[in-house]
Structures are given as structure tokens and as C-alpha cells.
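One structure is given below, encoded as C-alpha cells.
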Amino acid sequence: MGLMDKVGGMFGRKNTLEKLSIRELQAEQIRLKNRLDRLKKELNQIEKKKKQLFQEGIGADKLKKKMLAQEIKSLDLEQKLKLKDFTTAQRQYTLVTNMIIIKKYEKELRKTGIWEKLSSVEPEQLEQALIKINLDGKEFDEMVEGLNKVFEMEVAEFEESEDETERELMQAWSQVEAGEADVEEVAEKVVSIDKKLEDEEL
């Protein structure tokens, strides 16, 4: 059983913060960081391929554009699946990082009563709470404030229509061909993963 299984499974029991060592959590943090780096590289490679295909569509006939649009949509789907993996790994990384910080401040948190609050909250709620905040680099008071506020926060879900991709691509090709837009700028806007990553990081 991997540590993330333990971390996920541990929220089914009480006083779970006490069951994992800082060393175990730090090892998992390194593993997740490496996974995030690998996924980011793969996402960038897919984006590069999408931009190449977009360039090929400029000045091409309608059939060629349709074929290219299908290839781009296929890559877009692959990219979205990898983005989902990236987002999951990123949430796990945030969870583990926050747990490390909380474990390091265990004594102080016990004195403020926050530790008791963290131990008594519903397991799933605690997991969600620790995913939603970033305690890294925060002063102790800021951390306590963040932990107090976090249970009121809500996660917004974001979904994108696949049909919209083709419409956006056709519109972008038209703009470039009519000289209304710069190729690089439009390609960046239409096929870029950066905006999606920014949305996920919010």
C-alpha cells in the first residue's frame, strides 16, 4: 500500500494526523513532485503538437482543416485526461505538504486548540480542507487563520464542452487567414494549456 493510499484511507479513522511520520510524508512529497514535473512536461509536449497542427491548417482546404481539427480534438482529450491526473497529483501534493507543516507545528497547534479541532472534524471534511489551502511559507498566525477559515470554503467545478473546441479552431483559422490576428498569438490562445493550469491552481 502506497502512502497516498494510507493518506486517503487514514481519513476513515480518527486522530489520523498522529499516525503518519513527517519522514513518510516527506518521501511522498518528493514522489508527487517528480510526478507533477513529468506530467507538466507531457502536457507541454501535447501542446507543442497541437500548435504544429494548428499552423498546418492555415491556408489549407476545408477537408484538411476538418482532419486537423479532429487530430487537435483528440490531442485535446488526451491533454484533458493528463490535466486531470496533474490536478489530482497537485491536490495530493498540497495535502501532503500541508500535513507536513501541521505535523511540524503540532505542539503549538495543541496549545491553541486547533489540533483538537482538526482531530474532531469529519475525516472527508478534513481531507478537503487540507487540499483547499496552501500553508507553505505562511507565518504561524496566518496558518492558524487559514485553518480556521478553510472549512467555509467551496470548490468551484469547471467543465469545458468538446464541441466548442472545433468552433474555436475554425474561428481562429479564419482570423489568421483574414490577417486579423497573429498566428502565434492565436495558437497560444486556442491550444495553450497554461490557462487551464492557472484555472486548476486557483
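The values are calculated or read from the model by the stated rules, or taken from the named source; none is laboratory data. Since the structure is predicted, the reported quantities are computational estimates derived from the model, not experimental observations. Positions of Cβ are generated from backbone atoms using ideal geometry, with glycine treated the same way; all protein chains shown enter the neighbour counts. The protein model used for the area step is the full one, side chains on, heavy atoms only, and it has no ligands, DNA or RNA in it. Shrake-Rupley method; radii C 1.70, N 1.55, O 1.52, S 1.80 Å.
The figures follow:
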{"quantity": "Restricting the stretch 126-143 to residues that are part of a helix (DSSP H, G or I) and open to solvent by 40 Å² or more (accessible area, probe 1.4 Å), the residue that is farthest from Q92 (Cα to Cα)", "calculated": "D141"}
{"quantity": "Of residues in the stretch 179-192 being over 30 Å from the mean Cα position of the chain (by Cα) and farther than 14 Å from G57 by Cβ, the one least open to solvent (accessible area, probe 1.4 Å)", "calculated": "G179"}
{"quantity": "Qualifying positions in the stretch 52-67 - touching an Asp or Glu at 6+ places or on another chain (Cβ under 8 Å) and touching a residue at least 24 places away in the same chain (Cβ under 8 Å)", "calculated": "I58, G59"}
{"quantity": "Hits in the stretch 64-111 - residues which are open to solvent by less than 30 Å² (accessible area, probe 1.4 Å), of a type in the set (S, T, Y) and within 15 Å of K40 (Cα to Cα)", "calculated": "T87"}
{"quantity": "Boolean, K48 is open to solvent by 70 Å² or more (accessible area, probe 1.4 Å), free of Cβ contacts under 8 Å to residues at least 12 places away in the same chain, assigned to a helix (DSSP H, G or I) and under 19 Å from E185 (Cβ atoms)", "calculated": "yes"}
